[in-house]
Structure formats: structure tokens, C-alpha cells
Amino acid sequence: MKPNSFIVIVFILIVQFCFADDFRYLRTNEGLYNGEINSTAQDQSGKMWFATWTGLASYNGYDFQFFKPELGNPLSLSDKKTNKIFIDSSDNLWVASLSGVSLFRKSDQTFHPIELEGLAWNSYYVFNFLESKGHVLIHTSQGIFLASESIDQADKVHAKKLKLYNGTTQVFDFAHYLNTFKDQLVIVSNVDQYNPTRLLLGELIVNKNDTLITVQHKIIYPGNINTTAYVKEEDQLYLGTSGGISVLSLSNLKITDGLYFRNQNIQKLLCASNRKMYGYATDPALLFVDLNTRQEGRYLPDPMVSGSLLDNNITCLFEDFSGNLWVGHQGLGFSILNLNRKPFYSFKRDLSNPKSLGGNVVMCLNGTAREILIGLRQGGINITSKQINKEGPAQFQVVHYLQQANGGSGFDNVWDIARESDSIFWVASNGGVAKLEKTSHGWLYGKAGDPALYAGTVRKVLVDKDHNIWCGTAGDGLILFPALRKNHSRVSYHFGFNAQDKEGISDKAVISMLIDSKNRFWVGTNNGLNLLKIPYNQLDLTGHTRPTVKFQQFVATQPRKDYLNANEINCIFENNDGKIWIATQGGGINIFNTDSSTFSHLTTANGMPGNDVQGILSEPSGKKWVSTNKGFVAIDLDNKLKPFTYYNQSDGIQGETFKVNSYYKSPDGEMFFGGDNGFTRFNPREITSNPIPPKLGLTNLRLLNLTVKVGDTISRGNVMVKSLNESEDVVLPFQKNTFSIGVGVHHYQYPGGNMIRYMLEGYNDHWITVPASNSYIYFSKIPDGKYTLHISGLSADNIEASKERVLNIRILPPWYKTWYMTTLFLLMIIAMIGGIISMVIRRQRISFEKKIDALEVENNENKMKFLTNIAHELRTPLSLVVAPIEDMMQNYTTIEPKWKEHINLIHRNSNYLLTLINQIIDFRKLNAGKLQLNLQMVDLVQLVKEVAANFKGLENRQKANLQVHVPENPLMVKVDGQKIREVLYNLLSNAFKHTSEHQTIAVTLETVEEKNGGRRQIKMTVFNEGKD
């Protein structure tokens, strides 16, 4: 056994020395409510579930949801002390606590108690859940129970106790352990004072007649069996026993005892997807067996080493679908091991190994075909063989300046290493620039009596193909040393910073330099980029005269889309398309198009993990590997779906923070990047993607930043009846059209690199990609209508989810767009149109009436003018007729009575006709407003008699009876007698027109006394009987 022990020890050293940061953690520091992990499960959406002593928790890689008992809610978790959970093939979550068992219904987020046949709550302990032939079995301290598939009206689930039969004989052995393999059950009843350990292989029988477990094979074992794991490829059961790991061959039912980890009390086994068997015993160590090589190994806790196993007892093991092993601890949370870890190999300082890396802060890297040179911030230069076995412990030779034992000079604070040949390198440091040379006696860093090439802090060194050396200083600009093989006196030329010289270098601190394939010389400083104005090969670098060095400066003074966006230039890289990639501090990557002299940018807004970019290397395909202050990223701009692939410590890289100058590509294509925690080496061709696609889950609906829970009212008559993940449709009122949908992209290799992709069909027609760490996708002021939300996801390796989630979203119209309001508005519009038409018609009618009235007035006026003119024409001759008649009446007294009467009649009618003509003229004057009254004292009695006398001839012709009733005494009144006559003439004329023969016309004149002794009034009446 000693050789085997030696092999195990060596393998443990390999794990300890070769691999850094194997584990990442999920603890209370990362948001876990309680670190007491009792059990782990994963649902079909990829969400993780944890049973702890303070409740049930779910986790999607970013956020937690916790479940605890709620007072007054019978459908909440019955007890916070949960010890076992299980998710069946129908995606139901079964929860065991110290108070019993319950089934969690995810659709409405409720817990339903399970009644075990014949048992009361708190009278049993649940060992495990498992599923066989589609049926859920509950293994308890009181037996094995078969759970019902439905929930009754009392919101409960019932479970029937199963009997165990060996043939026709019932077996009453206590089941210490129960598990499944294929469609069979394995039951362990451990040794007691009467019986040895019995391992029973049986089958679940469920039909109309029987519900039981039948034993098919019974195997006796001398020790305790604590756990089993089935390996399908081998058709063997691995048994975790009190004496190690044994193997049961299912073909011959023979046990090979103590095959692995002999004398270890194995508590749990898990066969993982990487063909390794993981397990743990009673001590805090994770054990594993490589089933391909049959080699044993273990991970041991080390509180002093970040990324080692947490230092506490292991309580459970679980492998998620994306290939991560979750190691649950007692009180400390999880240690998570990436089983699909990529072949990144990282090296750092190990205090227990004197031949490990001399320090953790790696400032620069370079090398030859056989060796790698590592410059440390403190510790000089470390050299290791490039040809070492990557799975073996690396040995580093430490070289200090002037070969001092402990170093400590400024030359041991290294900034950069530049290669002149395989045997000569130049080292930039706080002390200056010194030679590193490979001799027959080994590597020599500086020589006694051979002074440094330059004294002062130098951050960058460049050696061109002609061996000319350019030194980029930290405060003195550029220093040129022409090729030393011809420049034995070490003549140098200084090109310092002068703020007034716009063709000089743009800053005194030089950080990066590059001579590209087109003989362009680029210099990056702390304040801008500089490009030599002439081709580099036209510089006079013979050393005989000072070369003329003039630069075109690129210095950003204000933000511009097509210009440099940050002035601190960490790295300058020429792409295979001729464009210059510039790594900046704070501005991401600036890409300079030399044809158009414009810049484009890659920043965190485009997907970069950080805007402080330290180094850039490229594969022949054009894929870039970039180190930043927030991790490591591969960039493939030809991948339009997701051009960025992220890597972190769980993949094996040295850490999240990298250093300027700390990048190197060896001639065979291997890449090296250094940072604050050592350095990482890898071959890009060996870095492959985890092919497992992520799974998707919907978490919460938020309205106006408030989470809507199951049972909450969204709007009147609209209640959230299902959890969002179980819903297919969401209906929102218009006033809540700003909302967010919680999305979990479940892939646990590197959750921080997962991405959400979504498209709201009907609102936009393109996919939007956001980091999955956002946890929500946000929508603001979405118009009313029907939309379809398509959701997908990408893992950190750019693998898209195999199936997208679809959510139908309907935004109800505002109240003024509802059908009844639309109908009302339509009716109102029709009424308004009708009213407008009616108003227009009315206005037209009024207008027409006004025009007609105007025409009538005009016609009347014309008529009046005509009549007035006629009246004027008639009045003159009529006056001439009346005058002779009046003269005859006064001067001819001898006229016969008969003719005298005729003359009187002629006189009266002439006067009547003259009166009518005067009325026409007066009416004209009245209309013109020019009529005036001629008031005189008139005897109305005489006036009435005279007017009535004028109608005697008409009375005789019409055979009417004209009666005049007037007072006997005169009535003297001040009036316009002429106007009174005209009125009376008109009234009598109308009376005669409308009076038949032998009817009476009466003219009455009388005085009327007013009441209360008022003034007297005179009343004149013309009455006629009228025609039939």
C-alpha cells in the first residue's frame, strides 16, 4: 500500500501546486441567507434550490428568493428547518422539514402538506426523496411512502406506505438507505445485533392490484453502506461504505471491497459528467476518483489560499446541468467546482514551496522557445522552462540584479522585458535599463563593472530589428540608444516633452511603443498617442547624428465619436487588417483607421468587461485575447451574435486584475498574461466552449418598480393568478405601461458572463442583448396594443438557449380608447357634425332671410319712392282742381242745389284724394324719420262729422248704414288734425270694404274717465259688422 499512498500524495501536490482557484463560493457574503446547506436541487428552468435550517431558498445565479413560514397562511412553508428537497420529472418541488413534508406548487407559489399514511406530523424524519417509474417515493424513519399525484380539495397530498416483499414473504427490515438505478431500487439495511448488512435490489410495483416493493436480489455485506452511485457506462454500483469505496458488479452481483479510499467512512458519492466519482467522508475534504485513469485525489481546505475548498464539514453534493459541482457545507455555504474548466494554467506564489513563483504581482512577460521570463514588481526576474509538464509543479529560478541573493534594488522592481535575441534581453525597471543575458553559466542580470544602460525609472523598452534600443521613461520622455554593437560608447539621444512643441512627444511618461508592418512608429504616453511623421526606416539611426524625430500628436481634449476617447495609452497593437488597436486606461479599446484617420471604440457599452485595458494578443484567425482591470475577454468581431467571451477565476485564470506590459505570445502561439495574482498560460486552440446551452426562467413582474406577487391585483378584474414563470399572458392597464420582466439566464459556469437577449415583437424588430446580471428587462411607456416578448439567453461561452421563452403582453387602451368611449366619441362627433351642419344651414337661412328682407326693404323703398314721386306728380294737378272748385263754392251762390251738392261731393272727394296723396308722402317721411306733427286746437266732434260726411255717397252706393255718434258739445283737443283725419279716413275706408249691404258702420267719439280721478281720455271707435 505504500506505493499507492505515495501516488496519492504526489497527486495532491499536483492539485495544490498546479491549479489555482479551483473553487468559487456562494456564502452569506454573496447573498445567501444561511450557510447551513442540507440539500440541493435544480428545477427544469435551471434555477437552484437550497434547503437550510432557516428556510428554503432559490437562486438563479444573481438573485435569491427565500421562503419561510408565514403567520396565518396555511399554504406557506410549514417549518423553516428544511432538511431535504427533491424535484421530480414533472418539475414538482418536494420539501421535507422537521415538521413534515410538503409539495411546492410553483404556479401559485404555495406549499401543500403531504399526509403520510398512519403518521402524524413531527413523528418521523425524512431521509430522502427519489423517483422510480414516474412515482415519487418518500424515504422516512417510519418506512417508505408512495406519494399521490394530485392535490385534494383540502389542499393536501396523500402518501401511502409501501410494503416490502421478498417473493410472497413480507420483509420488515429497516431501510437505512434508499436509492434508484435504472428502473430498480437499491435498499440498504445496515448491520444490527441480529443481522449483517443487507443490500436489497428490488422494483416498485404499482398497478390496480398491488402497490409494493418486491426484492429481486439480496446481498450480504460485512460493513455499513452509507451511499451508492450508479455508473451507467460500467453497469456497476459504487458503494460508499464505512471502509472506503467498494464496487458492486450488477452482472454477477459480486462486490469488490475497499477499491478506493480504503478505511475512509464514505458518506456520499456522486458520479459526475466529467467521468469522476466525487464523495466525502467525515472530515472536510472532497474526494474524487478518475474513472478513466482510476487515480484517486482530494481537495483539501486551506484558509490561506483563495479558491480552495471551504473549511467545514460537507453536507451534500450536487451537479447542475451546466457542469458545476456544488459542495454544500455546514455553516459556510457552497464551494463550487467547475467540472468543465478550460485548460488555463495559472501560477502564483506558494509560501510552502520555495521553488514557486517569487511573487504574485507579475508586471511583464517574455521568453524564448525554451524558457519564460517573468518580471515581478518586487522580486526581480523569475525564469521557468516553457517545456514543463503543465500538470506538474512548476519550478522558478529567481534572478536578481547583479545576482544578489535577496535583491532589493530598484532594478528588481521590473516594468518590462524586451527581447534582442534568444540570449539577450533588456529589462526596464525603477532602477533603469539593464541587460539580461544567457551565458554558459546561466542567466545574468547585469554585471559588476558594467553600468546600466540608463539610470532612472523606465516603463517600456523597444528593440527594433536593427538592435536599436528605445527607452520609454516614466518622466523624461524617449531615450534612443543606437545599436550597441556599433555604438560602443553608448551614445544616446534624448527626446523629451515640451508643451510648446506640437511635433514633439505629447507627454514625459512613455507607456507603450510599436513599429508596425508599414514602418510606422507609434508611441503611447500618459497623455496621448504619437505617430512618427516619416516612415521609421527613413530615420538616421547610425548614431553619427541626432535623428530628426517629429510626431503627429493625437490628444483628446473633448469627447468625440471619431477621435481618441482616453489619453493614457497602455498598449498598441496592429491588427491583421492594418488597423491599430489601442488599449487605453478608462476608454476601452480605440481602433484607429489609418486610411480615414478616425477612431472607433470598444467599451463597456459594447460589452467589454472593463474600460481599463492592459494588453492585447491575437490568434491567426483574428480573434483577440484582451486583459482588463475587470477580467479577461476574448473578442471575435466576426461573431455578430455575441463578440465577447468572458473568463474568470472559475475558468482557471490568475484573477480579475491584469497589468500593463504583462502579456506575451510565444512563437508556438501559446499566450501568457500576468496580473495581481500570478500569471496564466494557455494555448488558444485548446480553449473550447462549454457546449451546454443555458436555461431560461422568468422571475417577477414589476410595475412602477413594485413587484407583483401571486394574488396581487394588477387592475380592476385583473389578478395575478400564476407566477410569471408559469404564465403565458400578461395583461396590463394603460396607466401601468412602464414595467419590467425579471429574467434568469441559468448557466452557472460563469453567471457574470451570461447575457439576456430579447425582442418585443410589435414594438421593435431587432434583438437587444443586455447582461444577465441586470436581472430585468425594462420597458417604458409602451403604447396600447398586443405584443409578443421573445426571450433568449447566452452563456458566458456564447452558447444560446436551445428554446426561447415567449410571453404575450397586452397593454389595454386608455379609457378614452375603449370601445364604449369610442362609440360615445363617434356619436358626439356625429352630433357635432350635425350641429355644425344645422348651424351652417341656420346661418345660411338667416343670411338668405336678411337678403330677402333687404330686397323687400329695397323693393318697398323703391315702391315708396315710386308712389311718392307719383303722389308729388298728382298732388300739384289735384291742388289745381281743388282750388277752382273751392272758388266756385265760395263765389257761385246761384247754383242749383242739385249741382251744388255735386260740387260739394267733388270737393270732398278731391280733398279725400289729396289726403291720400299726402298720406303717401307722410308715410315716406315717416320711414325717412322726417315726419313732424302739426299740433293745433281742433274740434274733434266737427272733424268726425266732416270725415263721415265725405262717405255719404259711398254709403248710398253700397246701401250701408253709416251712423255717427258724437257728443253734442265740441271737444277741443290739441292734435294734428290732418293726421287724425287721415287715420279716420283709413279706418272708414277699410270698414266700407268689409261691410255688406244693409249693414251698419258706426263711428263713435266719447270721453273716458281714468280710474282714481286721472286725466280724461278721448276714445274714437269705428265699428262695422263685417261680411259673412
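The values are calculated or read from the model by the stated rules, or taken from the named source; none is laboratory data. Because the structure is predicted, anything quoted here is derived from the model rather than measured. All Cβ positions, glycine included, derive from the backbone under ideal geometry; neighbour counts span all protein chains shown.
Residue-wise test of (1) of a type in the set (Phe, Trp, Tyr); (2) at pLDDT 95 or above; (3) surrounded by fewer than 22 Cβ atoms within 10 Å (Cβ to Cβ); (4) in a strand (DSSP E or B).
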| position | (1), (2), (3), (4) |
| --- | --- |
| ASN34 | no, no, yes, no |
| ASN38 | no, yes, yes, yes |
| SER45 | no, no, yes, no |
| TRP49 | yes, yes, no, yes |
| LEU56 | no, yes, no, yes |
| GLY61 | no, no, no, no |
| GLN65 | no, no, yes, yes |
| GLU70 | no, no, yes, no |
| SER76 | no, no, yes, no |
Report summary line: In the stretch 346-374, anything of a type outside the set (Gly, Ala, Ser), surrounded by fewer than 16 Cβ atoms within 10 Å (Cβ to Cβ) and modelled with pLDDT of 90 or more is listed as ARG370
Report summary line: Those residues of the stretch 158-175 which are surrounded by fewer than 19 Cβ atoms within 10 Å (Cβ to Cβ) and part of a loop (DSSP other than H, G, I, E, B) amount to GLY167, THR168, PHE172, ASP173, PHE174
Report task. Pick out the one residue from ASN570, ASN468, ASN487 that is under 22 Å from GLY456 (Cα atoms), over 48 Å from the mean Cα position of the chain (by Cα) and in contact (Cβ under 8 Å) with a residue 60 or more places away in the chain. Result -> ASN468
Query raised in the report: Would you pick out the residues in the stretch 574-590 that are buried (at least 19 other Cβ atoms within 10 Å of the Cβ) and small (Gly, Ala, Ser)?
Result: ALA583, GLY587, GLY588
Query - Unique residue being touching a Phe, Trp or Tyr at 6+ places or on another chain (Cβ under 8 Å) and within 30 Å of PRO620 (Cβ to Cβ) when the list is GLY669, GLY753 - result: GLY753
Query - Restricting the stretch 919-944 to residues that are surrounded by 15 or more Cβ atoms within 10 Å (Cβ to Cβ) and at pLDDT 75 or above, the residue that is nearest to GLU968 (Cα to Cα) - result: VAL941
Report task. State the number of residues belonging to the stretch 125-141 that are buried (at least 17 other Cβ atoms within 10 Å of the Cβ) and either of a type in the set (Ser, Thr, Tyr) or free of Cβ contacts under 8 Å to residues at least 40 places away in the same chain (or both). Result -> 3
Query - Among residues of the stretch 940-977, those that are among the acidic types (Asp, Glu) and touching a strand residue (DSSP E or B) at 6+ places or on another chain (Cβ under 6 Å), counted - result: 1
**Report entry** Residues located in the stretch 997-1028, provided they are at pLDDT 85 or above and in contact with an Asp or Glu (Cβ under 7 Å, 6 or more places away or on another chain)
**Finding:** GLN999, THR1000, GLN1017, LYS1019
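In the list ILE885, ILE836, ILE846, which residue meets the criterion of being modelled with pLDDT of 80 or more, among the hydrophobic types (A, V, I, L, M, F, W, C) and over 60 Å from the mean Cα position of the chain (by Cα)? Before the answer, list the steps.
Details: ILE885 fails: modelled with pLDDT of 80 or more; ILE836 fails: over 60 Å from the mean Cα position of the chain (by Cα).
On inspection, the qualifying residue turns out to be ILE846.
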Requested in this report: Among what's in the stretch 225-278 and is over 30 Å from ASN690 (Cα atoms) and of a type in the set (D, E, K, R), pick the residue that is surrounded by the fewest Cβ atoms within 10 Å (Cβ to Cβ).
Outcome: LYS254
Query raised in the report: So is LEU867 touching a helix residue (DSSP H, G or I) at 6+ places or on another chain (Cβ under 7 Å) and surrounded by 14 or more Cβ atoms within 10 Å (Cβ to Cβ) or not?
Result: yes
Report task. Quick one: which strands (runs of 3 or more DSSP E) lie wholly within the stretch 207-303 and hold at least 2 residues that are in contact with a Leu (Cβ under 7 Å, 6 or more places away or on another chain) and closer than 19 Å to GLU319 by Cβ? Result -> 225-231, 236-241, 268-271, 276-280, 295-299
Report task. Assess whether VAL947 counts as being part of a helix (DSSP H, G or I) and over 60 Å from the mean Cα position of the chain (by Cα). Result -> yes
Query raised in the report: Any idea which residue in the stretch 769-818 is nearest to VAL730 (Cα to Cα), counting only those that are assigned to a loop (DSSP other than H, G, I, E, B) and small (Gly, Ala, Ser)?
Result: SER780
Query raised in the report: Restricting to the stretch 317-344, what's the tally of residues that are in a strand (DSSP E or B), farther than 17 Å from GLY61 by Cα and either of a type in the set (A, V, I, L, M) or modelled with pLDDT under 90 (or both)?
Result: 1
Report task. Name the one entry in HIS544, HIS494 that is more than 48 Å from the chain's Cα centre (by Cα) and in a loop (DSSP other than H, G, I, E, B). Result -> HIS544
Report task. Return the only residue of TYR820, TYR778, TYR748, TYR816 being on the phi < 0 side of the Ramachandran plot, aromatic (Phe, Trp, Tyr) and buried (at least 19 other Cβ atoms within 10 Å of the Cβ). Result -> TYR748
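Quick grid of which residues meet (1) within 52 Å of the chain's Cα centre (by Cα); (2) buried (at least 18 other Cβ atoms within 10 Å of the Cβ); (3) of a type in the set (Asp, Glu):
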position: ASN179; (1), (2), (3): yes, yes, no
position: ASP183; (1), (2), (3): yes, no, yes
position: VAL191; (1), (2), (3): no, no, no
position: TYR194; (1), (2), (3): no, no, no
position: LEU199; (1), (2), (3): no, yes, no
position: LEU204; (1), (2), (3): yes, yes, no
position: THR211; (1), (2), (3): yes, no, no
position: VAL215; (1), (2), (3): no, yes, no
position: LYS218; (1), (2), (3): no, no, no
Report task. Please determine, by comparing only the residues of the stretch 700-742 that are in contact with a Ser or Thr (Cβ under 7 Å, 6 or more places away or on another chain) and assigned to a strand (DSSP E or B), which one is surrounded by the fewest Cβ atoms within 10 Å (Cβ to Cβ). Result -> VAL719
Report summary line: Here the qualifying pairs (Cβ atoms under 6 Å; residues six or more apart or on different chains; first in the stretch 296-312 and more than 22 Å from GLU36 (Cβ to Cβ); second at pLDDT 85 or above and in a strand (DSSP E or B)) come out as GLU296/TYR260; GLU296/VAL289; GLY297/PHE288; ARG298/LEU287; GLY307/PHE23
Requested in this report: Take the residues in the stretch 962-1021 that are free of Cβ contacts under 8 Å to residues at least 60 places away in the same chain, touching a Lys or Arg at 6+ places or on another chain (Cβ under 8 Å) and in a strand (DSSP E or B), then tell me which one is surrounded by the most Cβ atoms within 10 Å (Cβ to Cβ).
Outcome: LEU962
